[in-house]
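Reading through the structure tokens given below for one structure.
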Amino acid sequence: MLELRRSSRADLYDLFQDAPAVLVPRRWRFEITERIDAQGQVITPLDEGEIDGVIAAVRDAGLETVGVSLLFSFLNDSHERIIGEKLRRALPGIGVYLSSEVLPEIREFERASTTAVCAYVGPLLAGYLDRLQHADAVTVLGLPKLYVMGSSGGVFDVAEGLRMPAMTIESGPAAGVIAAALTGKELGLRNLISFDMGGTTAKASLIADGEITVTAEYEVGGAGHAKRWLSGTGHPIRVPVIDLAEVSAGGGSIAWVDPGGALKVGPQSAGADPGPAAYGLGGDEPTVSDADVVLGYLDRKALLGGALRIDLLAAEAAIRERVAVPLGLGVTEAAAAIVEIVNSNMAEALRIVSVERGHDPREFTLIAFGGAGPVHAAALAAELQIPEVIVPPAPGAFSALGLVASDLKRDYSRTLYADLRALDPALTAAALAEMEATASEWLAAVAISPKLRALLRAADLRYRRQAYELTVPIADGPVTREGLDRLAAAFHDKHRQTYGHANPGEPVQLVNLRLTAIGRLPDLRLGGPAKSPARQTMREVWFPETGSTTSPVHWRDGLAAGETLAGPAIIEAMDSTIVVPPGWIASIDGTGYIRLRRR
């Protein structure tokens, strides 16, 4: 089953597309005699005698983890529990992951894939966290209790992370979205698009009406295509993940000319070593950062406050040899073309999280961070007619600030398959109560007081003839027939917003119940950078509107609250550079945020 996967592919007409390598080689996949049917009834009892053979094979192969996924175990986990108990007793040093513990949800392939991913990354995560907890990194520094960032936008204790390693996937980018939401809360902005551009990728996510968008449809280890719902490129994991659109576009993305003479940018990256040619560390491939240096967006002499020397001649040579000469362009023209293409790629990610989700980007504010995000943010905002760009303090470390500001969070799910019209409210209430009891036990174990706890309920719903669901919040309070009717109405509204149509006469099916347990931590404020004396220089910067023009360059920490700068202008800091194009105005507010608006 792990090899058969789903029939869908990212590119329908690419006959040579390969599926990702299977995480568990065929020689290490074992069957066992048992069968549970679709109602959770035992049809064929578990042959416990076969478990000893599996234990011997695992021991002989020297394996580190075992994943167990049986048919319909989300309805009846008795067979998985027996296998798990025997494996854990006989193999005390080996991690055992049961699909009924990892993901008690419908869909056998996704459940097995998520379990396999947990088993695959479990030893790596366990080794890393063990060294971090018990080595000098924690003991010598005297750090407080260690928590792990989760992909759904919260932190949890180490033990919980080791029980469910898949919850940590994509957790770094998730922290940036948390910080963006915190910025919106500080500034009174409820509609934001977060834009994070680093060295290899650019990521976008939508915050609508103050709420971060979370999805349970995600694939890892794939080709990195921006459209995360194009299945077939990676390994599905059915865990809540902050909804991110990601493209291979960063400062280190390499520009190249394909055999047909078309200019491409990425997905290959120069990485940190050797990095862009301009860094003078041995790189000779033209990158986005090299183009930014040639155009004057980045300082042509040094970055990081002078700590990183820039080799302008190396950047020009790389672009000339690999791009300008093959295309018959000048170096400046080639650099401008590189930036135009990477901006187009990143604008696609912004469209995915806004327009293709039924949201008008003109009603949102773009918050740009990452080392390279503020360089390209204004151009992207102009492309999508976004009226304002906000650059937070310390944009290069913004995701780290989001991690520090995250609450404790753990997500639970359970399949309850029924039509809403015929569903017994008492059955729904009982299932939610069981999940809430488990969540409350976890919150108590991590010492969160009752007044700082929150339990958020939701349901995965769909029309009867659909194959996939939308997640809709369930209101607090007792579960009643009227409450289930309101839940169906909310599903129709969300379906209309997401797909542009709804069918209120069609029966609505409940597929999964979801519960998010949150332990509130003290709020963190992000504003207020350190001040330094004002500094201003001048340099030639190329813009599409004006060509090469002499532009003022300001040191960010020397700008005073209330000050405004008319573009073209450059604002530099230790960790990032802000480009203010012609026709834009940058203003510095009293908390250290810089706001860019079109004139």
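Odds and ends about this structure:
- Among residues other than residue 343 with Cβ under 13 Å from its Cβ, the summed charge is -3 (Lys and Arg +1, Asp and Glu -1).
- For the chain, with +1 on Lys and Arg beta carbons and -1 on Asp and Glu, the positive-most of 345, 425, 28 along the dipole: 425
- Sorted largest first, the principal axis extents computed over the alpha-carbon atoms of the chain equal 79, 56, 55 Å.
- Straight-distance crosslink candidates among aspartates and glutamates, where the alpha carbon sits under 17 Å from residue 86 and sequence neighbours closer than 8 are dropped: 31, 34, 47, 48, 50, 52, 60, 64, 77, 101
- Counting 0.36 nm for each residue step from residue 455 to residue 31 and taking away their Cα separation leaves a gain of 148.8 nm.
- Computed from the C-beta positions of residue 44 and residue 264 and an R0 of 51 Å, the FRET efficiency is 0.40 to the nearest 0.05.
- Ranked by how many other beta carbons lie within 10 Å on average, peptides 83-93, 352-362, 294-304 from highest: 294-304, 352-362, 83-93
- Here the scattering of region 462-599 is modelled by Debye summation over its C-alpha atoms, one equal scatterer each and no solvent; at q = 0.09, 0.21 Å⁻¹ the log10 of I(q)/I(0) is -0.60, -1.23.
- Ranked by the mean number of other Cβ atoms within 10 Å of their residues, highest first, the peptides 12-24, 107-119, 29-41 come out as 107-119, 29-41, 12-24.
- Where a label projected 7 Å from the Cα of residue 585 along Cα→Cβ would reach, residues of region 554-568 with amide N under 12 Å: 563-567
- Distant-in-sequence amide contacts of residue 268, defined by a placed amide H-H separation under 5 Å and a gap of 5 or more residues or a different chain, comprise 254.
- Set 145/451; 451/494; 264/301 screened for pairs whose C-alpha atoms are more than 25 Å apart: 451/494; 264/301
- Electrostatic tally near residue 428: other residues with Cβ closer than 15 Å to its Cβ, Lys and Arg +1, Asp and Glu -1, net -2.
- By the count of other C-beta atoms within 10 Å, a proxy for reagent exposure, 442, 584 are ordered fewest to most as 442, 584.
- Placing +1 on the Cβ of every Lys and Arg and -1 on the Cβ of every Asp and Glu, with nothing else charged, gives the chain a dipole about its Cα centre of roughly 860 debye.
- Couplings 3J(HN,Hα) for region 20-35, derived from phi with the Karplus relation 6.51 cos²θ - 1.76 cosθ + 1.60 (θ = phi - 60°), are x, 4, 5, 5, 10, x, 4, 5, 10, 10, 10, 9, 8, 6, 4, 7 Hz, where x marks Gly and Pro.
- Proxy reagent accessibility, fewest Cβ within 10 Å first, across 196, 157, 411, 243: 157, 243, 411, 196
- With the convex hull drawn around the C-alpha atoms of region 373-439, the volume per residue stands at 188 Å³.
- Summed over all non-identical Cα pairs, the Kirkwood treatment of region 26-144 gives a radius of 15.7 Å.
- FRET efficiency, 1/(1 + (r/R0)^6) with R0 41 Å, evaluated for residue 537 and residue 503 via beta carbons: 0.10
- Footprinting exposure proxy ranking of 158, 391, 58, fewest other C-beta atoms within 10 angstrom first, gives 158, 58, 391.
Since every read-out is calculated from the coordinates, none of them should be taken as a lab result. Remember, predicted model here, so these are calculated numbers, not experimental data. Note: ideal-geometry Cβ built from the backbone for every residue, glycine included; neighbour counts use all protein chains shown.
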